[in-house]
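A.B. asks: This is the structure, below, for whatever I ask next.
The values are calculated or read from the model by the stated rules, or taken from the named source; none is laboratory data. What you see is a predicted model; the values in this text were computed from it and never measured. Neighbour counts run over all protein chains shown; Cβ positions are idealised from the backbone, glycine included. All accessible areas refer to the heavy atoms of the entire protein, side chains included, with ligands and DNA or RNA removed. Shrake-Rupley method; radii C 1.70, N 1.55, O 1.52, S 1.80 Å.
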Amino acid sequence: MFLMQKKNQNLSLTLKLIAILLSAYSICRLLFYCFNYSHFLGLSLLKFISILIFGLRFDLSVIILSNILFFILFFIPFPFREKNGYRIILKWLFLTVNSIAMLANCADFVYFQFTLKRTTADVFNFFGGGIGNDFGRLLPLFLKDYWYVFIIWLILTVLIYYMYVKIESKRTVKWNKEGYTYQNQTATFLISIPLFIIAYRGGFQLKPISTVTAGEYVSTKYVPLVVNTPFTILKTLDLETIEPNLYFKDETELKKYYTPIHEAKNRSFKKLNVFIIALESFSKEYIGSLNKRTTGYTPFLDSLISESLTFTNAFANGKKSIEGIPAIVSSIPTWMNEPYITSQYGSNNAIGLAGLLKEQGYYTAFFHGGTNGTMGFDAFSSLAGFDNYFGRKEYNNEKDYDGNWGIWDEEFLQYAANTLNSHQQPFFATLFTLTSHHPYSIPDKYIDKFKDGTLEIEKSIRYTDYSLKKFFDSAKKMPWFNNTLFVLCADHTGVSGDNFYMNRVGSYTIPIIYYLPNSALKGLNPMVTQQIDIMPSVLDYLNYPQAYFAFGTSVFDTTSDHYALNFNNEEFQLISTNYSLGFNKSKTTDTYNYITDSLLKNNLSITEPILTKELENKTKAIIQTYQQSLIHNMQRVDK
């Protein structure tokens with residue numbers, strides 16, 4: 001039996017199917033822009049049209065990659081491919097693969113505002129397993145809150161199905177002995193393979209296109225518009241390992257710009273208790289006293305700031321909780337695509353604050369009211385050297401469960417204070433709040449006390465601030481309070497309604513507060529600092545007696561060059577006094593004076609070459625040291 005049909009009917013139908021998918025991806029890109037318009041201000045119509053055109057290259061690549069099994073089965077030169085049963089299988093394979101791709105695109109319509117980048121492969125860590133069943137628990141909640149996104153996805157899926165059926169129904173094929181031979185079909189099959197490879201690679205260049213390729217067309221700010229979510233997910237599936245960059249071959253020159261080794265203090269060690277409170281999504285934007293406003297969401301924090309040493313130019317190292325906690329307690333940032341906790345380096349022989357202070361006789365504890373396993377914090381706390389982890393399970397009182405994430409902040413903060421009362425001093429404790437996380441719910445008893453504000457998150461920020469006040473009211477009565485250094489900071493920033501706080505610099509600004517009752521630690525300090533500086537700052541203040549490894553720098557070290565570094569959309573951003581530098585691993589993309597140019601409009605990389613080169617060398621030295629340290633598992637000082 002032989003196939004009777006027009007010579008290139010299958011190829012013609014395939015091109016039509018690809019055209020349908022390219023149209024669907026372009027619709028998703030347009031909707032993505034509409035949903036996140038405030039993050040792409042200043043984009044002209046002409047520029048947006050060019051982005052739609054550039055995006056086709058990335059869309060075509062992922063369409064081929066995700067549908068490769070379908071295309072092979074569609075072109076395979078054997079008669080059984082025209083059987084009704086076989087064609088039904090192909091239809092549902094096509095629909096399943098591409099409906100999942102559309103779902104990924106649609107999900108980022110709303111998820112982008114939390115991470116400021118397209119979703120990457122680490123999203124699969126939330127499907128259960130190693131870091132808990134967060135995805136399964138929260139999916140119904142997101143479907144409820146963002147039901148309209150589900151409707152959009154459903155419409156796109158139905159349209160794809162309709163167009164497929166319409167196009168595929170035109171295949172009028174009959175078999176008989178007088179038909180064409182297999183030669184034509186085999187030739188078409190063999191010709192299609194290299195075409196698919198070229199389309200997947202994005203052209204004839206040396207390496208296949210990746211997210212960083214989008215930087216060839218637009219600035220970092222617009223990279224999420226050029227790429228698509230299935231592309232960023234599939235392209236980061238194999239990014240568990242770091243590809244090292246060797247910028248400096250001379251070790252002496254490298255250390256001239258940066259070293260993570262901190263020398264021992266020769267002064268007497270102060271055995272103060274240390275209590276770090278990581279505040280979920282507490283952007284600097286929400287705090288009135290740090291924005292020269294008489295009103296804010298955090299009246300208690302405002303009052304505490306007046307009695308504390310507070311840094312007004314403090315920055316998060318990442319955009320997710322899973323990235324923030326290792327940075328805060330162990331001075332380990334996520335300067336790669338995979339969060340440190342879930343990367344292959346998460347089990348490196350690193351030692352953070354918990355491990356170092358435990359060697360000095362401290363009791364160490366990590367408190368997080370979330371369901372045990374959430375974000376992998378329980379596993380990480382064990383690796384980081386904490387003696388005990390206290391979560392929802394240990395709290396053991398479901399009447400205080402918020403129905404979404406875990407135990408309400410008010411009750412859990414009181415639980416932490418009382419638990420520490422039953423343990424020895426000195427202690428090192430870390431507590432991570434959770435109520436100010438989406439869906440921003442608060443206890444029913446406070447509905448009238450904390451109402452919705454301009455931003456949806458406002459009521460939960462007010463509630464957590466109130467919970468902090470009650471915690472400190474209780475802690476002041478406890479015997480350990482006056483001997484405790486408190487450090488308060490955000491794990492990352494939250495949603496914003498301000499142009500500065502939505503740009504590349506402002507979207508990382510957080511409060512970092514050091515409070516020691518009845519001490520000289522007071523005032524507002526404009527020094528640039530970051531989450532990874534907390535560990536060396538605490539150890540410096542305590543006069544830690546041994547050398548140690550930390551990627552950050554102590555805020556009490558006035559001889560060091562202070563900076564902040566973060567990584568997003570395949571680009572590093574170095575923030576120093578007044579200036580920020582964008583660096584894409586191979587070259588500087590921009591330099592801005594974020595003090596005089598808060599909306600980052602005037603690129604100084606050409607007009608300020610000496611400054612730019614100095615910042616670039618600093619960035620390169622940090623990146624190289626970080627990568628080599630993780631790859632070779634050298635994140636501690638041998639004693």
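A.B. asks: Output the number of residues of segment 191-221 satisfying the condition of being part of a loop (DSSP other than H, G, I, E, B), more than 15 Å from K585 (Cα to Cα) and touching a residue at least 12 places away in the same chain (Cβ under 8 Å).
C.D. replies: Of all residues in segment 191-221, those part of a loop (DSSP other than H, G, I, E, B) come to 202-210, 217-219.
Filter once more, keeping what is more than 15 Å from K585 (Cα to Cα): 202-209, 217-218.
Of the ones still in play, those that are also touching a residue at least 12 places away in the same chain (Cβ under 8 Å) are 202-203, 208-209, 217-218.
The qualifying residues number 6.
A.B. asks: Spot the failing condition for I512; the list is (1) modelled with pLDDT of 95 or more; (2) over 14 Å from S283 (Cα atoms), and only one is missed.
C.D. replies: Unmet for I512, out of (1) modelled with pLDDT of 95 or more; (2) over 14 Å from S283 (Cα atoms): (2).
A.B. asks: For A264, only one of the following conditions fails: (1) open to solvent by 70 Å² or more (accessible area, probe 1.4 Å); (2) in a loop (DSSP other than H, G, I, E, B). What is its number?
C.D. replies: Only one criterion in (1) open to solvent by 70 Å² or more (accessible area, probe 1.4 Å); (2) in a loop (DSSP other than H, G, I, E, B) is unmet by A264, namely (1).
A.B. asks: If I ask for residues that are modelled with pLDDT of 70 or more, of a type in the set (A, V, I, L, M, F, W, C) and open to solvent by 40 Å² or more (accessible area, probe 1.4 Å), which ones from segment 153-188 would you list?
C.D. replies: W153, L154, I155, V158, L159, M163, V165, A187
A.B. asks: Pairs needed: first member in segment 29-43, touching a residue at least 12 places away in the same chain (Cβ under 8 Å) and open to solvent by less than 10 Å² (accessible area, probe 1.4 Å); second member anywhere, assigned to a loop (DSSP other than H, G, I, E, B) and not β-branched (V, I, T); C-beta distance under 7 Å; at least 6 residues apart or different chains.
C.D. replies: R29/N228
A.B. asks: It is to be established whether one or more residues within segment 295-303 are in contact with a Leu (Cβ under 6 Å, 6 or more places away or on another chain) and buried (at least 16 other Cβ atoms within 10 Å of the Cβ).
C.D. replies: Checked against the condition, which is being in contact with a Leu (Cβ under 6 Å, 6 or more places away or on another chain) and buried (at least 16 other Cβ atoms within 10 Å of the Cβ), segment 295-303 yields at least one hit.
A.B. asks: Hey, another quick one. Name every residue in segment 466-492 that is within 22 Å of Q113 (Cβ to Cβ) and either in contact with a strand residue (DSSP E or B) (Cβ under 6 Å, 6 or more places away or on another chain) or surrounded by fewer than 22 Cβ atoms within 10 Å (Cβ to Cβ) (or both), in order of residue number.
C.D. replies: C489, A490, D491
A.B. asks: Determine whether segment 473-491 contains at least one residue that is touching an Asp or Glu at 6+ places or on another chain (Cβ under 9 Å) and under 16 Å from K319 (Cα atoms).
C.D. replies: yes
A.B. asks: Might you check whether a residue that is within 23 Å of the chain's Cα centre (by Cα) and modelled with pLDDT under 95 occurs anywhere in segment 603-625?
C.D. replies: no
A.B. asks: Does segment 505-516 contain any residue that is within 22 Å of D402 (Cβ to Cβ), under 29 Å from the mean Cα position of the chain (by Cα), surrounded by 18 or more Cβ atoms within 10 Å (Cβ to Cβ) and touching a residue at least 60 places away in the same chain (Cβ under 8 Å)? Full working, then the answer.
C.D. replies: Initially, segment 505-516 is screened for residues within 22 Å of D402 (Cβ to Cβ), giving none.
No, segment 505-516 contains no residue that is within 22 Å of D402 (Cβ to Cβ), under 29 Å from the mean Cα position of the chain (by Cα), surrounded by 18 or more Cβ atoms within 10 Å (Cβ to Cβ) and touching a residue at least 60 places away in the same chain (Cβ under 8 Å).
A.B. asks: Next question, about the same structure. Being open to solvent by 50 Å² or more (accessible area, probe 1.4 Å) and of a type in the set (S, T, N, Q) is the requirement here; does N633 meet it?
C.D. replies: Considered against the rule, which asks whether it is open to solvent by 50 Å² or more (accessible area, probe 1.4 Å) and of a type in the set (S, T, N, Q), N633 comes out as yes.
A.B. asks: Looking at segment 443-452, can you tell me whether even one residue there is farther than 13 Å from L279 by Cβ, touching a residue at least 60 places away in the same chain (Cβ under 8 Å) and of a type in the set (D, E, K, R)?
C.D. replies: Within segment 443-452 (the criterion being farther than 13 Å from L279 by Cβ, touching a residue at least 60 places away in the same chain (Cβ under 8 Å) and of a type in the set (D, E, K, R)), the answer is no, since none of the residues qualifies.
A.B. asks: What is the one condition in (1) touching a strand residue (DSSP E or B) at 6+ places or on another chain (Cβ under 8 Å); (2) over 25 Å from I534 (Cα atoms) that E285 does not satisfy?
C.D. replies: In the conditions (1) touching a strand residue (DSSP E or B) at 6+ places or on another chain (Cβ under 8 Å); (2) over 25 Å from I534 (Cα atoms), E285 misses (2) alone.
A.B. asks: Hey, another quick one. Take the conditions exposed (fewer than 15 other Cβ atoms within 10 Å of the Cβ) and not in a loop (DSSP other than H, G, I, E, B) and apply them to I606. Does it pass?
C.D. replies: no
A.B. asks: If you check S50, S61, S12, S23, which single one turns out to be assigned to a helix (DSSP H, G or I), open to solvent by less than 70 Å² (accessible area, probe 1.4 Å) and within 30 Å of G497 (Cα to Cα)?
C.D. replies: S50
A.B. asks: Also: Of everything in segment 551-562, what is in contact with a strand residue (DSSP E or B) (Cβ under 6 Å, 6 or more places away or on another chain) and either part of a strand (DSSP E or B) or buried (at least 23 other Cβ atoms within 10 Å of the Cβ) (or both)? Give them in sequence order.
C.D. replies: The one that is in contact with a strand residue (DSSP E or B) (Cβ under 6 Å, 6 or more places away or on another chain) and either part of a strand (DSSP E or B) or buried (at least 23 other Cβ atoms within 10 Å of the Cβ) (or both): V555.
A.B. asks: Which of (1) in contact with a helix residue (DSSP H, G or I) (Cβ under 6 Å, 6 or more places away or on another chain); (2) part of a helix (DSSP H, G or I); (3) small (G, A, S) does A416 not meet, given it meets every other one?
C.D. replies: Exception for A416: condition (1).
A.B. asks: Here is a further query. Could you please give the count of residues in segment 444-465 that are open to solvent by 30 Å² or more (accessible area, probe 1.4 Å) and either in contact with a Leu (Cβ under 8 Å, 6 or more places away or on another chain) or farther than 17 Å from P511 by Cα (or both)?
C.D. replies: 11
A.B. asks: Can I ask one more? Could you say whether any residue in segment 525-544 is touching a Cys at 6+ places or on another chain (Cβ under 8 Å) and either open to solvent by less than 40 Å² (accessible area, probe 1.4 Å) or not small (G, A, S) (or both)? Break it down into steps so the answer makes sense when it comes.
C.D. replies: Step one: filter segment 525-544 for residues touching a Cys at 6+ places or on another chain (Cβ under 8 Å), giving 531, 534.
Adding the requirement that they be either open to solvent by less than 40 Å² (accessible area, probe 1.4 Å) or not small (G, A, S) (or both) leaves 531, 534.
Yes: segment 525-544 contains one or more residues that are touching a Cys at 6+ places or on another chain (Cβ under 8 Å) and either open to solvent by less than 40 Å² (accessible area, probe 1.4 Å) or not small (G, A, S) (or both).
A.B. asks: Within segment 116-147, restricting attention to residues that are modelled with pLDDT under 80 and among the polar types (S, T, N, Q), which residue is surrounded by the most Cβ atoms within 10 Å (Cβ to Cβ)?
C.D. replies: If we take residues in segment 116-147 being modelled with pLDDT under 80 and among the polar types (S, T, N, Q), then N125 is surrounded by the most Cβ atoms within 10 Å (Cβ to Cβ).
A.B. asks: Has segment 378-390 got any residue that is surrounded by 17 or more Cβ atoms within 10 Å (Cβ to Cβ) and in contact with a Pro (Cβ under 9 Å, 6 or more places away or on another chain)?
C.D. replies: Yes, because at least one residue in segment 378-390 is surrounded by 17 or more Cβ atoms within 10 Å (Cβ to Cβ) and in contact with a Pro (Cβ under 9 Å, 6 or more places away or on another chain).
A.B. asks: List the number of the failed condition for M336; all other conditions in (1) assigned to a loop (DSSP other than H, G, I, E, B); (2) modelled with pLDDT under 90 hold.
C.D. replies: (2)
A.B. asks: Open to solvent by 10 Å² or more (accessible area, probe 1.4 Å), in contact with a helix residue (DSSP H, G or I) (Cβ under 9 Å, 6 or more places away or on another chain) and either closer than 24 Å to P511 by Cα or not aliphatic (A, V, I, L, M) (or both): does that describe E394?
C.D. replies: yes
A.B. asks: Just give me the residues in segment 341-384 being touching a Gly at 6+ places or on another chain (Cβ under 6 Å) and either farther than 29 Å from D400 by Cβ or of a type in the set (V, I, T) (or both), in sequence order.
C.D. replies: I341, G355, K358, T371, T374
One line per residue, one yes/no per condition, for (1) under 24 Å from the mean Cα position of the chain (by Cα); (2) touching a residue at least 12 places away in the same chain (Cβ under 8 Å):
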residue: K358; (1), (2): no, yes
residue: F377; (1), (2): yes, yes
residue: G385; (1), (2): no, yes
residue: K399; (1), (2): no, no
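A.B. asks: Let me ask something else about it. Being touching a residue at least 60 places away in the same chain (Cβ under 8 Å) and in a helix (DSSP H, G or I) is the requirement here; does D533 meet it? Show your work before the answer.
C.D. replies: Details: touching a residue at least 60 places away in the same chain (Cβ under 8 Å): yes; in a helix (DSSP H, G or I): yes.
The answer is yes for D533.
A.B. asks: I've got another one for you. Can you run down the residue pairs with Cβ atoms below 7 Å, 6 or more apart or on separate chains, where the first is in segment 286-308 and of a type outside the set (A, V, I, L, M) and the partner is loosely packed, with under 14 Cβ neighbours inside 10 Å?
C.D. replies: Here the result reads G288/T294; G288/T295, each pair linking segment 286-308 to a residue that is loosely packed, with under 14 Cβ neighbours inside 10 Å.
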